[in-house]
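> Let me begin by handing over the structure; questions about it come next.
The values are calculated or read from the model by the stated rules, or taken from the named source; none is laboratory data. If you're wondering where the values come from, they're calculated on a predicted model, not measured in any experiment. Quick reminder, even Gly has a Cβ in these numbers, built from the backbone with ideal geometry, and neighbours come from all protein chains shown.
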Amino acid sequence: MPAVDRLLADLRAVFGPRLISVVVYGRHAVDRPASPQPIHTLALVGDLTIHDLDATARLARGWQAAGLAVPLMLTRLDFARSLDVFPLELGAIIDAHRVVHGEDPFGGLRVRDQDVRRACEIDIKGHLLHLREAYVESFGELDAVASLVEASAAALRTLAANVARLDGRPSSPASALSAHLSEALGPVHGRALDAVLAMGDAPIAGADAARLFPDYLAAVEALSAYVDTWS
């Protein structure tokens with residue numbers, strides 16, 4: 001990819017021999033997304049100083065214009081020591097990446113299951129609190145509740161993918177997520193969550209989305225309990 005080639009040239013100019021590895025991660029590491037999305041990269045370096053940040057700050061506007069997200073820049077030690085803090089985010093990079101410079105930097109690194117479980121629990125309980133609070137703030141009005149349910153579909157998909165990964169299951173396609181949720185929580189909760197997940201691709205009538213809320217909330221409560229007791 002020409003944009004990545006440009007990034008590599010810029011990073012070599014800034015870091016020289018301190019540039020250890022560069023990987024593309026996310027969707028661009030495995031395929032070409034149907035819709036335009038920034039290309040995400042990680043650069044592992046020997047050390048990172050304020051002078052490096054100044055130099056890369058002067059290049060960032062050009063990277064963004066070329067369709068690149070500003071690279072995540074870390075030392076390898078910082079990356080390894082952050083796996084327990086950001087197990088979902090960094091684990092996703094380890095799971096789906098393509099090396100474009102240097103050797104694969106992730107040999108011997110793994111995310112602990114309990115770190116993934118804790119991160120999933122935090123995110124799911126946060127989602128649950130948001131649904132409850134937003135429902136109260138909607139005053140129970142159908143249009144507002146429908147908007148709440150539809151707007152939460154993308155976040156639910158991320159939560160479901162993370163729980164699937166926790167259980168060693170595929171995180172895509174959507175049908176695999178739905179099957180896993182039904183297996184883990186039972187068919188009633190699985191159907192409710194599947195209906196919300198489907199809204200990400202095909203929104204339903206507002207009144208139908210609003211009527212789904214009680215079952216949706218109960219299913220998220222069940223998902224929270226599932227992760228809370230996971231072992």
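> Does at least one position in the stretch 190-213 carry a residue that is out of contact with any Pro (no Cβ under 9 Å at 6 or more places or on another chain), closer than 22 Å to G26 by Cβ, of a type in the set (D, E) and surrounded by fewer than 16 Cβ atoms within 10 Å (Cβ to Cβ)?
yes
> Here's a follow-up. On the basis of being farther than 19 Å from E89 by Cβ, of a type in the set (A, V, I, L, M, F, W, C) and either at pLDDT 95 or above or in the same structural domain as L83 (by TED's automatic domain parsing) (or both), does L131 make the cut?
yes
> Can A43 be described as over 30 Å from M199 (Cβ atoms) and not in a helix (DSSP H, G or I)?
Here the answer is yes, as A43 does meet what is asked.
> Cβ-Cβ below 8 Å, separation at least six or inter-chain, first residue in the stretch 5-21 and in the same structural domain as P71 (by TED's automatic domain parsing), second buried (at least 19 other Cβ atoms within 10 Å of the Cβ) and aromatic (F, W, Y): which pairs?
Pairs that qualify, where the first residue is in the same structural domain as P71 (by TED's automatic domain parsing) and the partner is buried (at least 19 other Cβ atoms within 10 Å of the Cβ) and aromatic (F, W, Y), are R6/W63; L7/W63; D10/W63.
> Yes or no: T229 surrounded by fewer than 16 Cβ atoms within 10 Å (Cβ to Cβ), over 18 Å from the mean Cα position of the chain (by Cα) and hydroxyl-bearing (S, T, Y)?
Here the answer is yes, as T229 does meet what is asked.
Yes/no matrix, rows are residues, columns are (1) out of contact with any Lys or Arg (no Cβ under 9 Å at 6 or more places or on another chain); (2) polar (S, T, N, Q); (3) closer than 14 Å to L159 by Cβ:
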| site | (1), (2), (3) |
| --- | --- |
| V188 | yes, no, no |
| I204 | yes, no, no |
| A207 | yes, no, no |
| P214 | yes, no, no |
| E221 | yes, no, yes |
| S224 | no, yes, yes |
| S231 | no, yes, no |
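> What is the one condition in (1) surrounded by 15 or more Cβ atoms within 10 Å (Cβ to Cβ); (2) not assigned by TED's automatic domain parsing to the domain that holds L181 that L77 does not satisfy?
(1)
> What are the residue pairs meeting all of these: first residue in the stretch 175-204, first residue closer than 21 Å to L128 by Cα, second residue among the aromatic types (F, W, Y) and part of a helix (DSSP H, G or I), Cβ atoms under 8 Å, and 6 or more apart or on different chains?
A184/Y226; L185/Y226; A192/Y216; L193/Y216; A195/Y216; V196/Y216
> Still on this structure, please answer the following. From D115, D194, grab the single residue that is touching a Leu at 6+ places or on another chain (Cβ under 8 Å), assigned to a helix (DSSP H, G or I), under 17 Å from A92 (Cα atoms) and not aliphatic (A, V, I, L, M).
D115
> Hey, another quick one. Quick one: in the stretch 3-32, of everything that is surrounded by 12 or more Cβ atoms within 10 Å (Cβ to Cβ) and not in a helix (DSSP H, G or I), which residue is modelled with the lowest pLDDT?
G26
> Right, S138: among the hydroxyl-bearing types (S, T, Y), over 22 Å from the mean Cα position of the chain (by Cα) and either buried (at least 19 other Cβ atoms within 10 Å of the Cβ) or not assigned by TED's automatic domain parsing to the domain that holds R27 (or both) or not?
Considered against the rule, which asks whether it is among the hydroxyl-bearing types (S, T, Y), over 22 Å from the mean Cα position of the chain (by Cα) and either buried (at least 19 other Cβ atoms within 10 Å of the Cβ) or not assigned by TED's automatic domain parsing to the domain that holds R27 (or both), S138 comes out as yes.
> In this structure, is G102 of a type outside the set (A, V, I, L, M) and exposed (fewer than 12 other Cβ atoms within 10 Å of the Cβ)?
Spelling it out, it is not the case that G102 is of a type outside the set (A, V, I, L, M) and exposed (fewer than 12 other Cβ atoms within 10 Å of the Cβ).
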